[in-house]
Structure formats: C-alpha cells, structure tokens
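Step one of this worksheet: look at the structure below.
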Amino acid sequence: MVSRVLRDAPPRRYVVCARKDLAPGEARTFRAGSRSLAVVCLEEGSYRAVTGTCPHEAASLAKGKVEKMWTSETAGEHRSSERCVIVCPWHNFEFDLDTGLSPCEPGRKDMSLRTYRAVLEDGEVVVYA
Amino acid sequence: MAETKVHELSPDVRKTPVIDADVHEMLVSVRDLVPYLAEPWKSRVAVADGWKNRNFPYSYPQVAGVAMADAATGDGRPAGSDLKLVQSQLLNSYNIEYAILVSSFHPTNVQVQPEFATGLARAYNNWLIENWLEKDGRLKGSITIAAQQPEAAAREIERVGAHPGFVQIILPVVPDHVFGNPFYHPIFEAAERNDLAIAFHQSNATETAVGLPPYYIEWHTAISQAWQCQLIGLIAHGVFDKFERLRVAMLESSWTWVPHLMWRFDHNYRSLRREVPWVKRMPSEYIRERVKFSTQPMEYPEDPEHLWRMFEMIGSEEFLMYSSDYPHWDFDSPYRALPRSFPREIRRKILAENARSFYGF
Ligand code: FES
C-alpha cells in the first residue's frame, strides 16, 4: 500500500537551478529525492525533465545531446523536425522529450523515460516530480 | 549416364502438395538465344567466336560439377536444360503444384556494353516464355533484366510483366554495390506496378566478404554475406518505405543468419536512425512483413531442435518457402529437408502455403 500512496501522491516541487545555469540546448542531471532526472532547456527556451538514466545500460542522459529529431520523407534528405529528443551519450539511443518514448520503438515500455513537468518560476528552473 | 527413372530419384513420393521456390532452367549454350536476339546483338552471339557468358571461377569438386549426378542429361547438355527431365524428376516425382524457375543467366553481370546486356535480357525472357513457361503451367518464371540500365529494365518488366507465367524479377547478389541505391529504383517501381516480387539469388559473379577465397568450400560457406549486404541495403536506402507494396524473396541464401541480422540491424537502428531518418520502422519489421527466404540449402545441425528454435526466433511462421535448387548438387528433397522438430502445420506452410500467399497462387 505504501507504494500506491507514493504513486498517487501529488508531485513535489523541486528547484533545479537558476535560469542562467541551464542555457538553451543544455541538459543537467538533478536528483529529486531518490530519482535521478535529466533536466533540459530546449533551444526555444522551454524546459523538459525526464528519467536521468538510460533504460539501455544506464548512462547518464544529461551527458548526451539535445537536438531536434532528424526526419525525412525521401532517401538522402535530412530535415530537422519540431520534435525534440535527447540522444544518449553511450549508444546514441534517442528519446522524445515530450513523451519519453523511443522514436524507434514507441510501443516498448521498457525502452521509455518517465516525463516530469519542468517550468520556469521566478527566474528558477522548477521540476514537479 | 542413363536417364534417371522417377523411382530412382524419389522413392518417397508423397501426396503433400509442394511449391518449389527455386528451380533452375538452363540454356544449352548462349547460342540458344540467337533466334530471340535482335541485331546488332544477334550476330555478336551467333558468330562462331562470338560472345561467351562469364564462367564460374571455381572448378567444381562435386562428382557431377554443379549438377546433382542423377539430373545429368547424359548427352553433354547441362542439367536443367531438358524440360522432360525436369518434369519427370521434379514436377511429377514430388507432387509439385508450381515450380518457380530462377534463371542462372544474369545480364546484370555483363559489365560492359549495357545495351547488349539489355538485349540479352529481352531475348532470354522470350526464350523462357516459349520454351518453358508456355510448355507446362506448373512452371512460373522470373523476369531477367540488365539492372545496369534501370530504365530499360523497367521497360522490359512492363513488356513481359503481364504474362501470367512471370511472378518475380531476378537479381544476382552482386559483390560491389547494393541494389537499394536510388539508381535502381525504377526496377522496384516497375515491380510494384506489375505486382511482381523481386528475388535475389547467387550468380557466377557472387563473392564473399573477402572476394574469392582460394577454395570453393570457403566461397560456398561464406556467400550468404552477399544476400545480407543486399537486404541491409534495401532497408537502409528506404526501398520498403518508398515502395510500400514491394515484396522480396531471398533465394538460396540460407536463412539461419536472419535472427542475427535482425538483432544487429535493429540495435544499430536504435543508435543510428539519425543517419537514415527516411527509414521509418525497425529493420526487423520490414524483414518479417516483406521478405521471404527459401529453405535450401537447409542447415543440418546434430540436434534438429536447434533449427526449430532458430525458426522461432525470426518471429514469423510465414517467412520461409520450400526450395529444392533442382538440378544442382545440393538439391533438398521436399519430404526430407524439414526435420520433424518442425510441427506438421508449419511444414505444410513451408512446403506450399507461404509461397502460395507470397506469389498469389
Ligand atoms: S546506455 Fe543509453 S543507449 Fe546505451
């Protein structure tokens, strides 16, 4: 029952850092209680927070790269899309920062990240986790 | 050598219907094509010291060369060049509903004079229709093309594609490039438009990852690498994304490497999708849904249960089609090649039903 209570508990508010400490395009690891999160500032200035360790072999995702997901409709063409992904520093798996899902295997639960609300409040990056 | 009697070749004739996905019809010589060639190509083949097809580089250590000894014609013509023998030894002996003829004549391997290669392909198709496809309704054929002229190859597919005898287009697994390259896409476009499959088979020009190693046994053990490269190329170049109805058959490639390739390719796709973002799905999904493999040469492990487990790992009961490779030395009998570790229902699918749905019989 304890775990159920925990799961249903309202998310707690965590202050990650000051706005200036997380520049657009950057990611950093943040501990929210027992959880490790990757907190990301997208190029256009909004924030995302996801599970901080990769479901593959547990690399620290914040050490990877945040980018607009590459897409294409024709062989040979590369288009930068609106979807943002974090690319793992080790084997380069991608995870969608809005959904936490792998673009390659969106149906695979064990290959996804949990997502958390991340916002700017009074000049501070705040995560609800 | 005397003509083989049916009962000598096949004492275990049974009733299970069979569709054989890989049977080789043979020219006696390229001069058979002379009546079907147009000038200026005709006289280049007709003259006594004219064009000869490329030879296989190895001398065969097998007792009857590339042929199964009992399929030899006995009069110097190559095994597989005599329709009557094919009918008696294969079609009638094994309750073959359909046999898919897969040409061993590949103008794609003629690396010079591309228009000549295209002319050869056209002549071969006409020869095949007249001498094989229209002689026995159980025989289905593969369209021969010269892939180095993709637009002309597409026109050839249009020209003969409506003939009810043709079910696919045959391409050799070449050593130096992949057919997934957009240069070849007119061929896939024509295949899709005519509702024909694309099939890949080895040829005299097929090489291993180290080219041509000194011994035939080395070549013969390693050549599945050539199909693997072609299959990887089709997926990586987005052929299955661009041609959403295209069906592909990998013939005589063996198939037990498929689980490894699917795992390796899927894992690389998770890592490297960004390089080929036009590929929309996991590579293994295209393979399961769009690609078939033929049984021969069947592996023969000490524990047949292991073979069944390899089959299960692929994750599709439909991916495998029986093939004999008649009249070649490594012929597999339809009633002996599949071990009892394969459930009866699966054996039935492999022997006929998978090919029936793939080719639309
Ligand atoms: S640890 Fe992240 S992709 Fe392997």
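The values are calculated or read from the model by the stated rules, or taken from the named source; none is laboratory data. As the structure is a computational prediction, the values presented were derived from the model and not from experiment. When we count neighbours, we look across all protein chains shown, and the Cβ atoms used for this are built from the backbone with ideal geometry, even at glycine.
The sole residue among B:327, B:301 that is in contact (Cβ under 8 Å) with a residue 24 or more places away in the chain and more than 14 Å from chain A (Cβ to nearest Cβ) is B:327. When residue B:270 is tested against (1) within 26 Å of residue B:357 (Cα to Cα); (2) in contact with a Cys (Cβ under 6 Å, 6 or more places away or on another chain), exactly one condition is not met: (1). Select from the range B:26-59 the residues that are surrounded by 13 or more Cβ atoms within 10 Å (Cβ to Cβ), touching a residue at least 40 places away in the same chain (Cβ under 8 Å) and more than 15 Å from residue B:123 (Cα to Cα) and list them in ascending order. The answer is B:56, B:58.
Looking across the range B:174-211, just one residue is assigned to a helix (DSSP H, G or I), crowded, with 18+ Cβ neighbours inside 10 Å, within 14 Å of another protein chain (Cβ to nearest Cβ) and hydrophobic (A, V, I, L, M, F, W, C), and that is B:188. The criterion of at least 3 residues that are under 13 Å from the mean Cα position of the chain (by Cα) is met, among strands (runs of 3 or more DSSP E) falling completely within the range A:46-129, by A:47-51, A:65-71, A:79-87, A:94-96, A:115-121. For the range B:254-273, the candidate set comprises residues that are touching a strand residue (DSSP E or B) at 6+ places or on another chain (Cβ under 7 Å) and more than 13 Å from the ligand (Cβ to nearest atom); within that set, the residue that is farthest from the other protein chains (Cβ to nearest Cβ) is B:255. Of the helices (runs of 4 or more DSSP H) lying entirely inside the range B:218-287, those containing at least 3 residues that are small (Gly, Ala, Ser) and buried (at least 20 other Cβ atoms within 10 Å of the Cβ) are B:224-236. Among the residues of the range A:44-55, those that are modelled with pLDDT of 95 or more and more than 16 Å from the ligand (Cβ to nearest atom) comprise A:46, A:47, A:48, A:49.
Scanning the range A:87-106 for residues that are more than 10 Å from the ligand (Cβ to nearest atom) and in contact (Cβ under 8 Å) with a residue 40 or more places away in the chain, we see that the one that is farthest from the other protein chains (Cβ to nearest Cβ) is A:98.
Among the residues making up the range A:32-70, those that are surrounded by fewer than 21 Cβ atoms within 10 Å (Cβ to Cβ), of a type in the set (A, V, I, L, M) and free of Cβ contacts under 8 Å to residues at least 60 places away in the same chain are A:42, A:58, A:59, A:69.
Considering only the range A:107-118, I want to know if a residue exists there that is loosely packed, with under 15 Cβ neighbours inside 10 Å, away from the ligand (no atom under 16 Å from the Cβ) and within 14 Å of chain B (Cβ to nearest Cβ).
Within the range A:107-118 (the criterion being loosely packed, with under 15 Cβ neighbours inside 10 Å, away from the ligand (no atom under 16 Å from the Cβ) and within 14 Å of chain B (Cβ to nearest Cβ)), the answer is yes, since at least one residue qualifies.
Across the range B:65-88, the number of residues qualifying as out of contact with any helix residue (DSSP H, G or I) (no Cβ under 8 Å at 6 or more places or on another chain) and either in contact (Cβ under 8 Å) with a residue 24 or more places away in the chain or buried (at least 18 other Cβ atoms within 10 Å of the Cβ) (or both) comes to 13.
Taking the range A:56-86 as the range and being more than 27 Å from residue A:15 (Cβ to Cβ) and within 14 Å of the ligand (Cβ to nearest atom) as the test, the residues that pass are A:56, A:57. Exactly one residue among A:68, A:63, A:20 is of a type in the set (Lys, Arg) and within 14 Å of another protein chain (Cβ to nearest Cβ), and that residue is A:68.
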